[in-house]
Structure formats: structure tokens, C-alpha cells
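**Student:** Sharing a structure with you now.
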DNA sequence: GGCCTTATTTTGATTAGTCAAAATAAATCT
DNA sequence: AGATTTATTTTGACTAATCAAAATAAGGCC
Ligand SMILES: [Mn+2]
Ligand SMILES: [Mn+2]
Ligand SMILES: [Mn+2]
Ligand SMILES: [Mn+2]
């Protein structure tokens, strides 16, 4: 059985490689799992011995098919648990990430399946993050963000790519959640500012960096 | 934060001391947590240093008030999780114990409270085991068992004190679950045999040992 | 090409939890 | 009481995971 630490490393390699199959740097991995770089190196070498990752010393890591399979299963647990916590237990969507970080290692595949059924086989979690399918398929659709999308046109928020409670709470308070339609009224790059309006709401200003964390699609 | 190992030790000291406040022997504790006796000694000394147990060398352990508080919280999580798994996810009651053994260490107090509310503040889990209250009160009601109760009188099953999947599956298959009313038709101590009948069912034989694991109360 | 900066790896220690097997104390049995 | 059996503790060793700090390699810059 993979330990909790192993599951966390694999999951973060998956998240950091983001669709593409290029190498994940040690530094990025270390800071994602919140360990010192040397620790990541040690662990990655152990994972490579187990055949879960491929390690190119001095360059980075990537998942093997087996490592990817495990990582996807953990990610599926994480996101289904988040969905359960929000949809069934009515928890604050800003808090469920920390909760799921633990639970993803404690639930069995059977509980996973039953949760999935109870929730009606959701495609995304409460933040719009895609839930890997039981067969290990993970949607990697590319979206525009509030920092890059067309202006003066309605766009629908599909995903918030940031787990910090602070950001999520801010988004919630301003109604920036998956499903909401907004319109970018102004984008001032030198000032690093994006201004937007919810249909029938008042204006809201956001930094370009913050806007870049909110994925959108054209509102049909 | 208490580690998973610490939580397990504390929970088992609580279960083994069963209401009374006498000492739990090292041997019993070691086999409950499935470690070698020396390991239990080492851990108990560490727990004593943390003020979670009182260790009387060569005689045994008992929980301090603080250790008891922690242990009750873990036990509450365990039993509420079991209840959730059976009542909401419709899992087999024979399998939920193993599942809860992991989950009891992964859920936060907030999730605990929400689960409790979702389930309607149950008093017992699916096996009839009492669920400690949020304030740390644990019912210690004493019941007769099918090995000791009156014969030829209806008795209602209130609890199965045995977690093994085999036993629970056997009990389920024969309709021996909390709530069911049965009647002991014969008890042959020398032969070590108990015979009983479900109201309107056929006879069923059980060893005295097995019968002793099924707690009952007079059916009014 | 050589130097400098930065990322990565190595080395040496530490902590939590565990086991095997030897040592010791307590109980039990002649 | 003395001997034997049984439970507990001690000792020494091991694994997984981590950090601090020194050593090393890459990549970019003059
Ligand atoms: Mn995690
Ligand atoms: Mn999410
Ligand atoms: Mn447990
Ligand atoms: Mn139970």
C-alpha cells in the first residue's frame, strides 16, 4: 500500500505536470508538498525505485503509467470528497480543501464508488476542478481566464484554480463561482487591473494575477 | 495533534477498560492494537509522559481525563462514520469497521458535527454500539446476552459486541440484528449450545461463546 | 572560456513507530 | 520456600520521513 506521503508526492507531480508530460522540477515539487528540496530528492529516488516515477537527475520527475494511475485515484478521491462535503454536508467551499487533503488517504475504493453514485457522478468539484473518471481519464480542457478573455462580452466562470481559503472566501463573497456569468468591462495591463461586472451587479476590481486564477468560457 | 498511532492506543485503552476504571494489561493492549508487547510498553511510556495515560509499571495502564477525552472523540468518530457508511452509503455492516478504522483519524471535528446532524444524532451505531455524546458521555448500560438471558421469553437484540466481518455476516444472514426479537428455546451448558427462535422463524443453534456476543433486553 | 548564481543532490542527524530477542519481575505450582 | 511458567520491560536494530547545511552540477553572463 502506498503511504500517505507517497500519495501526496504522486498527486502533486500529477498536478504540476498539468496535462503535458514534461518534467516537474524538484523545487516546484518540494514546495508543493511543503518539504525542503533535499527531502523531495530523497523521496523521488525512492519512488523511482518503486517504478512510480521516472527521475532524470538534475532535471526533474515525471510519473510512470503506474504512478499516474495511483495519482489519479488520489485526485479523484480528493475532488469527490470535496464535492460531498459541499453538496451533502453543506460545508464552506473555502474549507473543504484542507479536509479533503486528509480524507483522500483514508477512503477505500468502495467508499469512493458509493460517494460517486450518491453525488450523481459529478464531472467537476465545487471549484470547477475536473474529477478524474473511474477509468483514469482527466479532462484537460483549456480555458481563458478573466485576465485573458474577451472584454465586453458575457463569460461564464467555470473554475477557480486556487485552493487558499482566503481567495475562495473572497470569490464567494463577490459571487465569483462556477456558473456565474460576468463581463470584463476594462483591462488595464500597465496598472495590472481588471474590472468586471456581474450581470445586474455593481463593478468589481481585481488584480491581473487574481483574475488569472478564474477560468471562463464564452456565455452562449 | 495526536498521531494515528496515539489515537489508536488511546481508543483501545478506553475499549478495554470497559466502563470500569481498572488497569488495562499490557498484553491485552498490545494484542488489541496488534503490536508486540514491547512496543506497547514503549508507546505507553511515551503517552504517560504526555499526560494521556497513567502507567503502573508491571501492572497496566489507565486513561487520564485528557486521554479519555481524546479517546472518546476518536470513538465517536468511529461509530458515527460506521453509521454514515451503513445508513447513507448503504454499505455492508460487516465491512464498515475496517473502513472506520481509517476514517476515524481523518475527519475533523466539524465534519463530525455535520455527520452527526445529517444522521439525526443517533445514539448507537449499526451494531448497537453506543456513540459517545459530543460532551463525552458514553452509555455503559449493562445488558444480558443470549448466553445469559431468560429463556422462553421474547428478548430484543440491542447490540453485537464483535467486529469481525465473519461474525457480522453470519449474524446478518440469520437476521440477528439490533431490533430483532428472538426467544431462547434451549440452553445446554455442558454441550455449550444455545438454541433460539425468531418469532415466526425456524430454530437456530449457536455456541455459548457466540451467544455471549449478542446483547439483549426483555422485549416489552 | 571562465565566473557566478541558482537548483539539486549528498551527508549526517533526528523523530515516530515498530520488531526480535534477551533480561527481569511477578505469579503460580509443587 | 524454591522452582517454573508467564507477563512485562529493556536493549539493539530497522524503516519511513523529515531537516540543516555542505557539496556539486547546470545554466546564464561577461
Ligand atoms: Mn493529502
Ligand atoms: Mn477543488
Ligand atoms: Mn484506527
Ligand atoms: Mn460498531
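**Student:** Here is a list of conditions, (1) at pLDDT 95 or above; (2) within 16 Å of ligand 3 (Cβ to nearest atom), and residue B:1 meets all of them except one; can you say which number that is?
**Tutor:** (1)
**Student:** Something else about it: How many residues are over 23 Å from the mean Cα position of the chain (by Cα) and under 23 Å from residue B:1 (Cβ atoms) if we restrict to the range B:55-90? Let's see the steps before the verdict.
**Tutor:** Going through the range B:55-90, the residues over 23 Å from the mean Cα position of the chain (by Cα) turn out to be B:55-59.
From what's left, under 23 Å from residue B:1 (Cβ atoms): B:55.
Number of matching residues: 1.
**Student:** Here's something else I'd like to know. Would you check if there is a residue in the range A:48-57 being outside the structural domain of residue A:22 (by TED's automatic domain parsing) and either in contact with a strand residue (DSSP E or B) (Cβ under 9 Å, 6 or more places away or on another chain) or modelled with pLDDT under 95 (or both)? Step through it out loud before you land on a result.
**Tutor:** Initially, the range A:48-57 is screened for residues outside the structural domain of residue A:22 (by TED's automatic domain parsing), giving none.
Checking the range A:48-57: not a single residue is outside the structural domain of residue A:22 (by TED's automatic domain parsing) and either in contact with a strand residue (DSSP E or B) (Cβ under 9 Å, 6 or more places away or on another chain) or modelled with pLDDT under 95 (or both).
**Student:** Name the residues in the range A:38-51 that are away from ligand 1 (no atom under 16 Å from the Cβ) and either assigned to a loop (DSSP other than H, G, I, E, B) or in contact (Cβ under 8 Å) with a residue 24 or more places away in the chain (or both), would you?
**Tutor:** A:44, A:50, A:51
**Student:** More than 16 Å from ligand 4 (Cβ to nearest atom), farther than 23 Å from residue A:182 by Cβ and under 15 Å from the mean Cα position of the chain (by Cα) - does that describe any residue in the range A:105-118?
**Tutor:** No; the residues of the range A:105-118 include none that is more than 16 Å from ligand 4 (Cβ to nearest atom), farther than 23 Å from residue A:182 by Cβ and under 15 Å from the mean Cα position of the chain (by Cα).
**Student:** Tell me which residues, restricted to the range A:96-129, are surrounded by fewer than 18 Cβ atoms within 10 Å (Cβ to Cβ) and within 22 Å of residue A:159 (Cα to Cα).
**Tutor:** Across the range A:96-129, the qualifying residues are A:98, A:101, A:119, A:120, A:121, A:122, A:123, A:124.
**Student:** Hey, another quick one. So residue A:18 passes all but one of these: (1) surrounded by fewer than 18 Cβ atoms within 10 Å (Cβ to Cβ); (2) at pLDDT 95 or above. Which condition number does it fail?
**Tutor:** (2)
**Student:** From the set of residues in the range A:137-151 that are part of a loop (DSSP other than H, G, I, E, B) and in contact (Cβ under 8 Å) with a residue 40 or more places away in the chain, which is farthest from the chain's Cα centre (by Cα)? Outline the logic, then answer.
**Tutor:** Step one: filter the range A:137-151 for residues part of a loop (DSSP other than H, G, I, E, B), giving A:137-143, A:146-151.
Still in the running and in contact (Cβ under 8 Å) with a residue 40 or more places away in the chain: A:138, A:140, A:143, A:146-150.
Numbers: A:138: 12, A:140: 11, A:143: 14, A:146: 17, A:147: 18, A:148: 19, A:149: 20, A:150: 24 Å.
The selected residue is A:150.
**Student:** Pull up the range B:101-129, narrow it to residues that are more than 10 Å from every other protein chain (Cβ to nearest Cβ) and part of a helix (DSSP H, G or I), then point me to the one that is farthest from ligand 3 (Cβ to nearest atom). Reasoning before the result, please.
**Tutor:** Step one: of the range B:101-129, the residues more than 10 Å from every other protein chain (Cβ to nearest Cβ) are B:109, B:112, B:116, B:119-129.
Pick out the ones that are also part of a helix (DSSP H, G or I) and you get B:109, B:112, B:116.
Details: B:109: 17, B:112: 15, B:116: 19 Å.
If we take residues in the range B:101-129 being more than 10 Å from every other protein chain (Cβ to nearest Cβ) and part of a helix (DSSP H, G or I), then B:116 is farthest from ligand 3 (Cβ to nearest atom).
**Student:** Would you mention how many residues in the range A:177-192 are on the phi < 0 side of the Ramachandran plot and in contact with a strand residue (DSSP E or B) (Cβ under 6 Å, 6 or more places away or on another chain)? Let's see the steps before the verdict.
**Tutor:** Going through the range A:177-192, the residues on the phi < 0 side of the Ramachandran plot turn out to be A:177-178, A:180-191.
Applying the additional criterion that residues be in contact with a strand residue (DSSP E or B) (Cβ under 6 Å, 6 or more places away or on another chain) yields A:178, A:180-187.
Here the count works out to 9.
**Student:** If you don't mind, there's one more thing I want to ask. Of all residues in the range A:59-100, how many are part of a helix (DSSP H, G or I) and within 30 Å of residue A:37 (Cβ to Cβ)? Please lay out each step first, then the result.
**Tutor:** To start, the set of residues in the range A:59-100 that are part of a helix (DSSP H, G or I) comprises A:65-87, A:96-100.
Filter once more, keeping what is within 30 Å of residue A:37 (Cβ to Cβ): A:65-79, A:81-82, A:96-100.
Looking only at that region, the number is 22.
The values are calculated or read from the model by the stated rules, or taken from the named source; none is laboratory data. For clarity, every value in this text was computed on a predicted model and none was experimentally measured. Positions of Cβ are backbone-derived with ideal geometry, glycine not excepted, and every protein chain shown enters the neighbour counts.
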